[in-house]
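The values are calculated or read from the model by the stated rules, or taken from the named source; none is laboratory data. All values derive from a computational prediction rather than experimental measurement. Note that we place each Cβ from the backbone using ideal geometry, even for glycine, and neighbour counts take in every protein chain shown.
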Amino acid sequence: MDQTLFTGIPGVFVPVKNLDQSADWYRNVLGLEEFKRGDITIEFKVSNGDPVLVLFQTDQAPAVFPKNLHINGNFFIFKTPDADAAHKLLKKYEVSVSDILLYEGIQKYFFFEDPDGNRLCVEE
(Lines give C-alpha, C1' and ligand atoms only; values in the text may rest on other atoms or scores of the structure.)
Protein backbone atom coordinates (compact mmCIF):
# COMPACT_ATOMS: atom_id res chain seq x y z
CA MET A 1 0.00 0.00 0.00
CA ASP A 2 1.46 3.35 -1.02
CA GLN A 3 -0.54 5.48 1.40
CA THR A 4 -1.18 5.19 5.07
CA LEU A 5 -4.80 4.18 5.49
CA PHE A 6 -5.18 5.83 8.89
CA THR A 7 -3.67 9.20 9.73
CA GLY A 8 -4.63 9.81 13.35
CA ILE A 9 -7.22 9.65 16.08
CA PRO A 10 -9.36 12.79 15.99
CA GLY A 11 -11.13 12.20 19.28
CA VAL A 12 -11.39 10.23 22.47
CA PHE A 13 -14.85 10.02 24.05
CA VAL A 14 -15.30 10.04 27.83
CA PRO A 15 -18.75 9.35 29.35
CA VAL A 16 -19.98 11.71 32.08
CA LYS A 17 -23.25 12.00 33.99
CA ASN A 18 -23.33 15.78 34.40
CA LEU A 19 -21.92 17.49 31.32
CA ASP A 20 -21.57 21.02 32.72
CA GLN A 21 -20.09 19.92 36.05
CA SER A 22 -17.60 17.61 34.34
CA ALA A 23 -16.69 20.28 31.77
CA ASP A 24 -15.88 22.68 34.62
CA TRP A 25 -13.58 20.07 36.17
CA TYR A 26 -11.76 19.26 32.91
CA ARG A 27 -11.39 22.99 32.21
CA ASN A 28 -10.41 24.20 35.70
CA VAL A 29 -8.47 21.24 37.09
CA LEU A 30 -6.86 19.78 33.96
CA GLY A 31 -6.58 23.11 32.16
CA LEU A 32 -8.11 21.89 28.89
CA GLU A 33 -9.50 24.41 26.42
CA GLU A 34 -13.16 23.99 25.48
CA PHE A 35 -13.73 24.72 21.81
CA LYS A 36 -17.04 23.17 20.77
CA ARG A 37 -20.29 22.53 22.62
CA GLY A 38 -23.25 20.45 21.48
CA ASP A 39 -26.46 19.27 23.12
CA ILE A 40 -24.85 16.22 24.75
CA THR A 41 -21.13 16.76 24.05
CA ILE A 42 -18.36 19.20 24.86
CA GLU A 43 -15.06 19.04 23.00
CA PHE A 44 -11.71 20.04 24.47
CA LYS A 45 -8.34 20.60 22.88
CA VAL A 46 -5.73 18.49 24.60
CA SER A 47 -2.80 20.08 22.79
CA ASN A 48 -2.25 22.03 19.58
CA GLY A 49 -3.48 19.19 17.36
CA ASP A 50 -5.35 15.90 17.46
CA PRO A 51 -6.84 14.24 19.33
CA VAL A 52 -9.61 16.10 21.08
CA LEU A 53 -11.23 14.90 24.27
CA VAL A 54 -15.01 14.72 23.95
CA LEU A 55 -17.17 14.55 27.04
CA PHE A 56 -20.57 13.04 26.31
CA GLN A 57 -23.60 12.93 28.58
CA THR A 58 -24.82 9.48 29.56
CA ASP A 59 -26.34 7.64 32.49
CA GLN A 60 -23.62 4.96 32.18
CA ALA A 61 -20.46 6.50 33.58
CA PRO A 62 -17.69 5.68 34.24
CA ALA A 63 -16.44 3.80 31.20
CA VAL A 64 -15.62 0.23 32.14
CA PHE A 65 -12.83 -1.58 30.35
CA PRO A 66 -12.53 -5.36 30.60
CA LYS A 67 -9.89 -6.78 32.92
CA ASN A 68 -6.76 -7.69 31.03
CA LEU A 69 -3.22 -8.91 31.55
CA HIS A 70 -1.61 -5.49 31.02
CA ILE A 71 -3.32 -3.47 33.70
CA ASN A 72 -6.37 -3.82 35.88
CA GLY A 73 -9.08 -1.26 35.34
CA ASN A 74 -9.83 1.43 32.85
CA PHE A 75 -8.03 4.62 32.01
CA PHE A 76 -7.29 7.27 29.42
CA ILE A 77 -3.69 8.46 29.24
CA PHE A 78 -2.54 12.09 29.17
CA LYS A 79 1.04 12.78 28.07
CA THR A 80 3.09 15.35 30.00
CA PRO A 81 6.68 16.59 29.90
CA ASP A 82 6.76 16.67 33.74
CA ALA A 83 4.91 13.99 35.72
CA ASP A 84 6.07 15.44 39.03
CA ALA A 85 4.58 18.87 38.25
CA ALA A 86 1.31 17.33 36.99
CA HIS A 87 1.09 15.20 40.14
CA LYS A 88 1.68 18.22 42.38
CA LEU A 89 -0.93 20.32 40.52
CA LEU A 90 -3.63 17.66 40.78
CA LYS A 91 -2.93 17.25 44.50
CA LYS A 92 -3.29 21.05 44.86
CA TYR A 93 -6.84 20.66 43.45
CA GLU A 94 -7.46 17.87 45.99
CA VAL A 95 -7.65 15.17 43.31
CA SER A 96 -6.86 11.75 44.73
CA VAL A 97 -3.77 10.56 42.86
CA SER A 98 -1.72 7.39 43.07
CA ASP A 99 1.96 7.51 43.85
CA ILE A 100 4.21 8.22 40.88
CA LEU A 101 5.25 4.87 39.45
CA LEU A 102 8.00 3.84 37.04
CA TYR A 103 7.29 1.69 33.98
CA GLU A 104 10.28 -0.55 33.30
CA GLY A 105 12.25 1.67 35.63
CA ILE A 106 12.28 4.69 33.33
CA GLN A 107 8.84 6.09 32.44
CA LYS A 108 6.99 7.99 35.17
CA TYR A 109 3.21 7.65 35.39
CA PHE A 110 0.35 7.88 37.87
CA PHE A 111 -3.40 7.37 38.07
CA PHE A 112 -6.35 9.51 39.15
CA GLU A 113 -10.11 9.71 38.52
CA ASP A 114 -12.43 12.37 37.18
CA PRO A 115 -15.61 13.24 39.14
CA ASP A 116 -17.52 10.45 37.34
CA GLY A 117 -14.99 7.79 38.30
CA ASN A 118 -13.34 7.50 34.87
CA ARG A 119 -9.81 6.27 35.60
CA LEU A 120 -7.22 8.55 34.04
CA CYS A 121 -3.47 8.28 33.76
CA VAL A 122 -0.63 10.74 33.27
CA GLU A 123 2.62 9.58 31.75
CA GLU A 124 5.85 11.40 31.13
Complete set of residues in segment 25-45 that are aliphatic (A, V, I, L, M) and buried (at least 16 other Cβ atoms within 10 Å of the Cβ): Val29, Leu30, Leu32, Ile42
Test: residue in segment 105-120 that is aromatic (Phe, Trp, Tyr), surrounded by fewer than 16 Cβ atoms within 10 Å (Cβ to Cβ) and farther than 24 Å from Gln21 by Cα: no
So Ala86, is it in contact (Cβ under 8 Å) with a residue 12 or more places away in the chain and within 24 Å of Glu124 (Cα to Cα): yes
Enumeration of residues in segment 19-60 that are assigned to a loop (DSSP other than H, G, I, E, B) and farther than 14 Å from Asp116 by Cβ: Gly31, Leu32, Gly38, Asp39, Ile40, Val46, Ser47, Asn48, Gly49, Asp50, Pro51
Scan of segment 61-77 for residues that are assigned to a loop (DSSP other than H, G, I, E, B), farther than 16 Å from Gln21 by Cα and either modelled with pLDDT of 85 or more or not small (Gly, Ala, Ser) (or both), ordered by number: Val64, Phe65, Pro66, Lys67, Asn68, Leu69, His70, Ile71, Asn72, Asn74, Phe75
Selection count where residues are touching a residue at least 24 places away in the same chain (Cβ under 8 Å) and touching a strand residue (DSSP E or B) at 6+ places or on another chain (Cβ under 6 Å), scope segment 89-107: 2
Hits in segment 48-60 - residues which are modelled with pLDDT of 80 or more and either surrounded by fewer than 17 Cβ atoms within 10 Å (Cβ to Cβ) or among the hydrophobic types (A, V, I, L, M, F, W, C) (or both): Val52, Leu53, Val54, Leu55, Phe56, Thr58, Asp59, Gln60
Residue match in segment 4-12 (condition: buried (at least 17 other Cβ atoms within 10 Å of the Cβ), in contact with a strand residue (DSSP E or B) (Cβ under 6 Å, 6 or more places away or on another chain) and under 27 Å from Ala85 (Cα atoms)): no
From the options Phe35, Phe44, residue that is on the phi < 0 side of the Ramachandran plot and within 16 Å of the chain's Cα centre (by Cα): Phe44
